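The structure appears below as structure tokens.
The values are calculated or read from the model by the stated rules, or taken from the named source; none is laboratory data. These numbers come from a predicted model, not from an experiment. Cβ placement follows ideal geometry from the backbone for every residue including glycine, while neighbour counts extend to all protein chains displayed. Ligands, DNA and RNA are stripped out before the accessible areas are found, and what is left, the full protein with its side chains, is counted by its heavy atoms. Shrake-Rupley method; radii C 1.70, N 1.55, O 1.52, S 1.80 Å.
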Amino acid sequence: MQDTLILILLILAGAIRAGTPLLFATLGEIFAERAGVLNLGVEGMMIMGALSGFMVTVRTGNAWTGLLAAILVGGSIGLIHAVLSITLRANQVVSGLALTIFGTGLSSFLGQKLVGVPAPDTFRVVRIPVLGELPVLGPLVFQHDILVYLSFLLAPLAWFLMFKTRPGLHLRAVGESPATADAMGVSVVGLRYLYVFLGGMLAGLGGAYISLALTPGWADGMTAGRGWIAIALVIFATWSPARAMVGAYLFGGVEAAQFRIQGTGTQVPSFFLNMTPYIFTIIVLVIATQETVRRRIGAPAALGLPYEREERG
Amino acid sequence: MTSAVPSVQMLVITKRFPGVLANDHIDFSANAGEIHALLGENGAGKSTLMNILSGLYHPDQGDIHIHGRRVALRSPRDAISLGIGMVHQHFMLVEPHTVAENVTLGLDEPRFLLNSGQIEQKIAALSEKYGLKVDPEARIWQLSVGEQQRVEIIKMLYRNADILILDEPTAVLTPQEARELFATLKRMAAEGHTIIFITHKLDEVMAISDRITVLRKGRVVSTVFTSATSKQELARMMVGREVFFQVTKSPWRGGQAVLRVEAARALSDKGLPALKGVSFAVHEGEILGVAGVAGNGQRELAEAITGLRPLTSGEVYLCDRRITNQNPRQILDQKVSHIPEDRLGMGLIPNLSLSDNLILKGYFAPPLGRGPFLDQKAIDAHCRELISRFEVMAPGPDSSVKLLSGGNLQRLLLAREISCCPRLMVAVHPTRGLDVGATEAVHKMLLEQREEGAAILLISEDLDELLSLSDRVAVLYEGEIMGIVPAQGAQVEEIGLMMAGTKRARPAEVAA
Ligand SMILES: Nc1ncnc2c1ncn2[C@@H]1O[C@H](COP(=O)(O)OP(=O)(O)O)[C@@H](O)[C@H]1O
Ligand SMILES: [Mg+2]
């Protein structure tokens, strides 16, 4: 009995840890999509974030510098997408896919020598005084590394920004009706750049979390499709940062459960468990690409559409 | 109120779009306290000129002076800060957002936190002052088109705009709503606002404006005082020739019901009820007009009859044969013609040639088709005949349809739809966006078909058109028929009330 309780607690705490990179990336993509830009390059930005974060940490011996590098690299790749899709009006799906392929390939190439290198510095668990000693809640919520705490703050903050403030109003307007926003003096191009950049930074941060906290070190393809899961989570969360938290931890839970359940030696084949997040991702994406469904669940109306002022609407 | 300096002065404005000179050296000026109408046919360049004044488009050439000072309008932001506000033809509103959110969009105040209480108070004060009733907490998609327009106007007043541009504001209003709008505009002009009112409707211009600038093909024809001109003169300036307003048609001779719709229900694209039990009949040699503010089920009705939208319940009969939920091909094969609202999207295939478009309804059967093959010779003869009979101006039958002007597109579409000798024609906004000449031609073709004995369901937003062409007029409101009245002697007032949702006791239903 005691053992089962502890197992459940471990899985739940693991769910939060494993969900954290998903949460960062999902929040980032929510920002970009709320501004009307679909960025399928999340996987590419995450893996480049994971690599650059680890690489710089190895050089400097300080995980914070690695984190900063990852954020900048993610943001820069986001900017590439912004230039291609906003300024050059390239097809957003194609541009995003290209970035994912590019990021995956480049990280694999640049990371060859880093495989197996031990991490000189990582983000370690910081037990919060008093709160960390609470039964159940303590180990579940208050015994994590600092980036998890950051994500706890970030999601509600993003929600507040989006729905309760003027910048949030402008962000949503740009994604719903860029022509209206433009006519009212809101800079559509400026805001789209800003939020695609922000989205890239958050994806980079999510990637770095994997290589500097979740499973410190570098392994080829170590993001393992989490970028795609994040894109599905955006839809699952219906573009709301609050629900993104629920979704991210749910998926984190599946991942954490895999480890633990495999540890207990059950009969369920492991590849079956490994499959579940991806199957779910595919289902969500297939359903959500239907126009009517998208409209009903509140997708930003101008998502994926380039805007130009003198173009006929 | 009127000062010596015009509040708006636009000098030699030129704007070119790929292939069109939309504004050609236009001079325009308007004074504070006046309602200045900008009159012209579709495509004359009215919206373009005002989009330039509101900072949305950049002129290729020309100067703009506001209150006597030369200004550079780089973006709508610049225009707004100079007190210029525009209510666009297609509303600029964020549908899922509330009225208050839309009104404050783009402002620097509030700085960070959205304080809805204060904003709503200010909106309420403006509504009160100008008689623009609207609920600040409502979401745009919940509002009627008339209410949405009020939001647009409040949006401008909230920014203290003293130069107000309205682009074809009455197109979406019932006659009563239009009158309320005019009252509001007059009040604003009396307070010293400059009102620029874009329209192509002569009656409106005469009713509301102080001065009128007429545009034709991107140029200014003249600027005149309303008190010193007449409808006839304006029409001549607008079109460039004499225009006759009267359509002559013989009285209905009576005949069998061709189309019968019984208690039809259907859903809109969003899955909401769009038709809520619609019943009516159209008879041989009769034109039944369908009036109503846009979005009250007109499109769904046309699509339900032509097989493009399933009925959830109810029946459709063609000459007493049930055609409910048959597929479009089955229905069209029974001599039904459809002139859809969206000419290039639904009526014609832009990238195909004239002749390919003309044979779309008959390529699979003799004389145009032979088994799996097309009979090029027959097709060629058929198409040349149609193109000359319907006076479609085009380089040739093989040129691509997307190069045609609006009027010629409609002629081509009518050529195809009339050449199959229809028993029933469903025509949706057949003259929308056409110039006067093309409109006259379309009217003539519809009346000819009526003479030939076709039953015609004519859906239009233009009440004048409906009243002059139709034998009877049905009014749709939120998917229901509010009443059906004989067109001759119909009261615009009464139809307007029905368009706004007042049901009519219907003794006047003409039986077959
Ligand atoms: N954004 C645009 N792109 C290309 N052509 C345009 C655009 N806007 C207007 N035009 C063209 O310019 C001409 C004038 O249009 P417009 O100003 O909308 O006329 P009006 O408002 O008087 O009906 C038309 O021929 C139209 O096709
Ligand atoms: Mg116009």
(request) Amide H neighbours of B:V290 under 5 Å, at least 5 residues apart or on other chains, H built in the peptide plane: list them. (result) B:L458, B:I459, B:S460, B:A474
(request) For chain A, with a Gaussian network of springs between Cα atoms less than 10 Å apart, report the residue from A:V234, A:V141, A:V188 with the top mean-square fluctuation. (result) A:V141
(message) I'd like the Karplus ³J(HN,Hα) series for region B:251-264: coefficients 6.51, -1.76, 1.60, θ = phi - 60°, whole numbers in Hz, and an x wherever there's a Gly or Pro.
(response) x, 5, 8, x, x, 5, 6, 8, 10, 10, 10, 10, 6, 6
(message) Tell me which DSSP H helices of chain A clear both cut-offs, 18 Å or more of axial length from alpha-carbon atoms and a mean Kyte-Doolittle hydropathy of at least -1.0.
(response) A:2-34, A:42-60, A:63-82, A:92-110, A:146-164, A:188-209, A:241-264, A:270-288
(request) Quick one: what are the phi-derived ³J(HN,Hα) couplings along region B:5-17, Karplus 6.51/-1.76/1.60 with θ = phi - 60°, whole Hz, x for glycine and proline? (result) 8, x, 6, 10, 9, 10, 10, 5, 7, 10, 9, 10, 10
(request) Mind checking which lysines have their Cα closer than 28 Å to the Cα of B:K361? Skip sequence neighbours fewer than 8 apart in that chain. (result) B:K335, B:K377, B:K402, B:K444
(request) May I ask you to give the average projected area over all directions of the convex hull of the Cα atoms of region B:8-239, in nm² rounded to one decimal? (result) 12.6 nm²
(request) Whenever you get a sec, line up A:W228, A:W64 from highest to lowest accessible area (probe 1.4 Å, protein heavy atoms). (result) A:W64, A:W228
(request) Just check region B:192-285 against the gyration tensor rule for me: Cα atoms, a ≥ b ≥ c as the square roots of the eigenvalues, rounded for a/c under 1.5, and otherwise prolate or oblate depending on whether a/b exceeds b/c. (result) oblate
(request) Find how many whole Å separate the alpha carbon centroid of region B:296-313 from the alpha carbon centroid of region A:147-194. (result) 39 Å
(request) Give the residue from B:V401, B:L413, B:T324 lying farthest towards the positive end of the charge dipole for region B:317-427; charges sit on Cβ (+1 for Lys and Arg, -1 for Asp and Glu) and the dipole is referred to the Cα centre. (result) B:T324
(message) Just to verify a number: what accessible area does B:H382 come out at with the full protein assembly present, 1.4 Å probe, Å² rounded to tens?
(response) 60 Å²
(request) Calculate one ³J(HN,Hα) per residue across region B:449-466 by plugging θ = phi - 60° into the Karplus curve 6.51 cos²θ - 1.76 cosθ + 1.60, and present them in order as whole Hz with x for glycine and proline. (result) 5, 4, 4, 5, x, 6, 8, 10, 9, 10, 9, 8, 9, 8, 4, 4, 4, 4
(request) Using DSSP, restrict attention to beta bridges with both residues in the protein assembly as shown and report what percent are antiparallel, rounded to the nearest 5. (result) 60 percent
(request) Run through all the Cα pairs of region A:205-255 and give the fraction in each 5 Å bin from 0, expressed as whole percent. (result) 5, 19, 26, 25, 16, 8, 2
(message) Helix B:145-158 against the longest principal axis of chain B: what's the angle in degrees, Cα atoms only, rounded to the nearest 10?
(response) 20 degrees
(request) Give the shape of region B:323-371 as rounded, prolate or oblate, defined through the alpha-carbon gyration tensor: a ≥ b ≥ c are the square roots of its eigenvalues, a/c under 1.5 means rounded, and otherwise the shape is prolate if a/b is larger than b/c and oblate if not. (result) oblate
(request) Give the distance, in whole Å, between the Cα centre of region B:127-156 and the Cα centre of region A:81-113. (result) 44 Å
(request) Could you list the trypsin sites (Lys or Arg not before Pro) in region A:108-209 that lie in coil according to DSSP, counting only those with at most 12 other Cβ atoms within 10 Å of their Cβ? (result) A:R124
(message) Taking 0.36 nm per residue of sequence separation and subtracting the Cα-Cα distance, how much length would be gained by fully extending the chain between B:D203 and B:M393, in nm to one decimal?
(response) 65.3 nm
(request) Round to the nearest 10 and report in Å² the accessible area of B:V247, as given by a 1.4 Å probe over the protein chains' heavy atoms. (result) 40 Å²
(message) Taking every pair of distinct Cα atoms and averaging 1/r, then inverting, what Kirkwood hydrodynamic radius in Å comes out for region B:167-211?
(response) 10.8 Å
(request) When a/c is below 1.5 the answer is rounded, else prolate if a/b is larger than b/c, else oblate, so apply that to region B:349-412 with a ≥ b ≥ c taken from the square roots of the Cα gyration tensor eigenvalues. (result) prolate
(message) If you take each beta carbon of peptide A:160-166 and count the beta carbons of other chains within 10 angstrom, what is the mean?
(response) 4
(message) Using a 1.4 Å probe on the protein heavy atoms only, what accessible surface does B:E180 show? Give it in Å² to the nearest 10.
(response) 110 Å²
(request) Could you work out the mean count of beta carbons from other protein chains within 10 Å of each residue's beta carbon in B:91-99? (result) 5
(request) Report, to two decimal places, the Cα Rg of chain A normalised by 2.2 N^0.38 Å (N = number of residues). (result) 1.00
(request) Would you work out which of B:L215, A:W218, B:Q9 lies farthest towards the positive end of the dipole of the protein assembly as shown, given +1 charges on the beta-carbon of Lys and Arg and -1 on that of Asp and Glu, about the Cα centre? (result) A:W218
(request) Would you mind listing how long region A:25-99 runs along its three principal axes, going by Cα atoms, in whole Å with the largest first? (result) 41, 20, 17
(message) Looking at chain A as a GNM with Cα springs under 10 Å, which of A:V286, A:V56, A:V125 has the largest mean-square fluctuation?
(response) A:V286
(request) Note down the magnitude of the dipole of the protein assembly as shown about its Cα centre, charges +1 on Lys and Arg C-beta and -1 on Asp and Glu C-beta and zero elsewhere, to the nearest 20 debye. (result) 1020 debye
(message) Using just the Cα positions, wrap the protein assembly as shown in a convex hull and report its mean projected area in square nanometres, one decimal place.
(response) 43.4 nm²
(message) So if the hydrodynamic radius of region B:397-512 is defined as the Kirkwood radius over C-alpha pairs, what does Stokes-Einstein give as its diffusion coefficient at 37 °C and 0.692 mPa s, in µm² per second?
(response) 209 µm²/s
(message) Under 20 °C and 1.002 mPa s, how fast does region B:145-302 diffuse according to Stokes-Einstein, given a Kirkwood radius computed over C-alpha pairs? Answer in µm²/s, whole number.
(response) 111 µm²/s
(request) Once you have the Kirkwood Rh of chain B from its Cα pairs, apply Stokes-Einstein at 25 °C and 0.890 mPa s and quote D in µm²/s. (result) 99 µm²/s
(request) Compute the separation of the alpha-carbon centres of region B:26-72 and region A:22-67 and state it in Å as a whole number. (result) 48 Å
(request) Could you tell me which trypsin sites (Lys or Arg not before Pro) in region B:50-94 are loop residues by DSSP with no more than 10 other beta carbons within 10 angstrom of their beta carbon? (result) B:R74
(request) Please build a GNM for chain A, connecting alpha carbons under 10 Å apart, and tell me which residue among A:I47, A:I283, A:I11 fluctuates the most. (result) A:I283
